[in-house]
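I'd like to ask you about the structure that follows.
Coordinate-derived values only; no laboratory data. Everything numeric in this text was worked out from a predicted model, so none of it was measured. As a convention, Cβ positions derive from the backbone with ideal geometry for all residues, glycine included, and neighbour counts pool all protein chains shown.
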Amino acid sequence: MAEVLVLVDHDNGEVRKTSAEMLNIARRLGTPSAVFIGSNVQEAADVLARYGAEKIYVVADPAVTGALVAPQAEALAQIAGQANPAAVIIASSSAGKEIAGRLAVKINAGLITDAVDVQAVDGAAQTTQSVFAGSYTVQASATTPTTIITVKPNSAGIEMAQAAGTQVPVDVTLSDVATAAKITKSEPRQSTGRPELTEAPIVVSGGRGTGGDFSPVEAFADSLGAAVGASRAAVDAGWYPHTSQVGQTGKQVSPQLYVAAGISGAIQHRAGMQTSKTIIAVNKDEEAPIFELVDFGVVGDLFQVLPQATEAIQARRG
Ligand SMILES: Cc1cc2nc3c(=O)[nH]c(=O)nc-3n(C[C@H](O)[C@H](O)[C@H](O)COP(=O)(O)OP(=O)(O)OC[C@H]3O[C@@H](n4cnc5c(N)ncnc54)[C@H](O)[C@@H]3O)c2cc1C
């Protein structure tokens, strides 16, 4: 079976959940190999093997890890040149999509971005995308021997599949232009203690209906171990950080469960959450457009509904 490369999404060796999801997808298409760019591979190697990586290509050159995305695309292109993979799978972050675009040009391969599902159909990768703010669902496959796919978080489950995880150190040759832009300083964002918005299996978002008081939204999110999102109206009002905005001009989320509280459901908001597996809305206006796309809707005041729901969940959890 042909190799399928997965660019490991990690934070200084700590493997993110999306990497396990991508390895699961890779197993549908061929033999998964992880590409680990960075130091601390030791921490990551066991995890990657547990989720199915037969090989782990390791690029530890500081010239790659200390620069922006261009060297990573060059490193991946060199690995792909040797492995001849059926597919290369990359997380659908903004950096991931830039790497994917650069790689596609370098190895002359078809590129599909923002897939929410990938299956093997007649031996080739077939992707599902949700486009035009979720108005259309598109199935696509590339006609080139290698398909590059960026996948959104939560597009696949996580399954254990112990594999060899053989480490293969890779020496890459980088062009001058690839290393022209270097990272001079990088500081992790202060942790909120909640999961990362784009990766969280559950997201609870608040909108203008909160009137600026996000405490019931946060309490409900915490009872579920969820991330907190916000509509643009809420972040533009300064009620919540811009990094929490969900939508066309904010973050794209696709969790198992999305709860919209006091959010009307404008098309630009839907664009960022419509692919969520289950959607619940709490809105006091029964005519709110958000109710057109929900699986469950509660017509009511979020300041009454959310505390009751929080209490019920806490009681169940004991
Ligand atoms: C180019 C462009 C890009 C945009 N990008 C984004 C984007 O990325 N993300 C985004 O979200 N928006 C985006 N917008 C803005 C978007 O069009 C809407 O204006 C915005 O989503 C509205 O936010 P909202 O639903 O919180 O507010 P509103 O539309 O004002 O809705 C508030 C809702 O809360 C309900 N409500 C009020 N009080 C309560 C209560 N106590 N309990 C329960 N419900 C209550 C109301 O019934 C109402 O339905 C963009 C717009 C443009 C033009």
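Above 23 angstrom, tally the Cα pairs of region 3-169 and express them as a % of all pairs, no decimals.
When every Cα pair of region 3-169 is considered, 30 percent fall beyond 23 Å.
Give me a comma-separated list of calculated 3J(HN,Hα) values for region 146-159, in order, Karplus coefficients 6.51, -1.76, 1.60 applied at θ = phi - 60°, integers in Hz, x for any Gly or Pro.
3J(HN,Hα) across region 146-159, in whole Hz: 10, 10, 9, 10, 9, 10, 6, x, 6, 7, 8, x, 10, 10.
If you don't mind, there's one more thing I want to ask. Relative contact order of region 3-169: what whole-number percent is it, with Cα pairs under 8 angstrom and at least 6 residues apart?
For region 3-169, the relative contact order is 30 percent.
Report relative contact order for region 202-317 in percent, whole number only (criteria: Cα-Cα under 8 Å, sequence separation at least 6).
Here the relative contact order equals 25 percent.
Another question, then. Considering amide H positions built from the backbone, and no H for Pro or chain starts, which residues 5 or more places from G165, or on another chain, come under 5 Å of its amide H?
E54, K55
Pulled fully out, how much extra length does the chain show between F296 and Y136, if you take 0.36 nm times their separation in residues and subtract their Cα-Cα distance?
55.4 nm
For V41, V88, which order do you get if you count the other beta carbons within 10 Å of each Cβ and list the fewest first?
Ranking V41, V88 by Cβ neighbours within 10 Å, fewest first, gives V41, V88.
Could you work out the per residue convex hull volume over the alpha carbons of region 212-318, in cubic angstrom?
Once divided by residue count, the hull of region 212-318 is 93 Å³.
OK, next. Going by C-beta contacts inside 10 Å, put L197, L7 in order with the fewest on the left.
L197, L7
As I understand it, the dipole of the chain uses +1 on the Cβ of Lys and Arg and -1 on the Cβ of Asp and Glu, about the Cα centre. Which of A49, A226, A309 lies farthest toward its positive end?
A49
Rounded to the nearest whole Å³, what is the per residue volume of the convex hull around the Cα atoms of region 158-227?
206
Sorted by average packing, counted as other Cβ atoms within 10 angstrom per residue and highest first, what order do 252-261, 219-228 take?
252-261, 219-228
Place a +1 charge on the Cβ of each Lys and Arg in region 3-169 and a -1 charge on the Cβ of each Asp and Glu, then give the dipole magnitude about the Cα centre in debye, rounded to the nearest 20.
Taking the Cα centre of region 3-169 as origin, the dipole is about 220 debye.
Moving on to the next point. Quote the convex hull volume per residue of region 273-318, based on C-alpha atoms, as a whole number of Å³.
Normalising the Cα hull of region 273-318 by residue number yields 80 Å³.
Output the relative contact order of the chain, whole-number percent, from Cα pairs under 8 angstrom with separation of 6+ residues.
15
Mean projection of the alpha-carbon convex hull of region 66-121 over all orientations, in nm²?
Averaged projected hull area, Cα only: 4.2 nm².
Now a separate question. Please list, in chain and number order, the residues 5+ apart from T278 or on another chain whose amide H is under 5 Å from its amide H, with Hs placed from the backbone.
Amide H neighbours of T278: L257, Y258.
For the chain, set up a GNM with springs between Cα atoms under 10 Å and report which of I280, I99, I56 has the largest fluctuation.
Largest GNM mean-square fluctuation: I280.
Once you have a ≥ b ≥ c as the square roots of the Cα gyration tensor eigenvalues for region 24-100, tell me rounded if a/c is under 1.5, and otherwise prolate or oblate according to whether a/b is larger than b/c.
It comes out oblate by the Cα gyration axes.
Name the long-range amide H neighbours of T146: under 5 Å, sequence gap of 5 or more, or other chain; modelled H, no Pro or chain starts.
Hits under the 5 Å cutoff: G110.
Provide the packing ranking of 185-195, 58-68, 263-273, 199-209, i.e. peptides ordered by the mean count of other C-beta atoms within 10 Å per residue, highest first.
199-209, 263-273, 58-68, 185-195
If the viscosity is 1.306 mPa s and the temperature 10 °C, what Stokes-Einstein diffusion coefficient in µm²/s follows for region 113-203 when Rh is the Kirkwood radius over Cα pairs?
Reported coefficient: 89 µm²/s.
Still on this structure: Starting from the coordinates of the alpha-carbon atoms of the chain, obtain the Kirkwood hydrodynamic radius over all distinct pairs and give the value in Å to one decimal.
Roughly 20.6 Å, rounded to one decimal.
Ordered by residue, what ³J(HN,Hα) values in Hz, to whole numbers, does region 231-246 give under the Karplus form 6.51 cos²θ - 1.76 cosθ + 1.60, where θ = phi - 60° and Gly and Pro are x?
Listing the rounded values in order: 7, 5, 4, 6, 6, 5, 7, x, 7, 8, x, 4, 5, 9, 5, 9 Hz.
Write down the Kirkwood hydrodynamic radius of region 1-43, to one decimal in angstroms, obtained as one divided by the mean of 1/r over all alpha carbon pairs.
For region 1-43, the Kirkwood estimate is 10.6 Å.
Kindly provide the helix-only [θ] at 222 nm of the chain, computed as the sum of -39,500 (n - 2.57) over DSSP H runs of four or more divided by all residues, to the nearest 500 deg cm²/dmol?
Calculated mean residue ellipticity at 222 nm is -8500 deg cm²/dmol.
If you don't mind, there's one more thing I want to ask. What is the dipole size for the chain, taken about its Cα centre, with +1 at each Lys and Arg Cβ and -1 at each Asp and Glu Cβ, in debye to the nearest 20?
180
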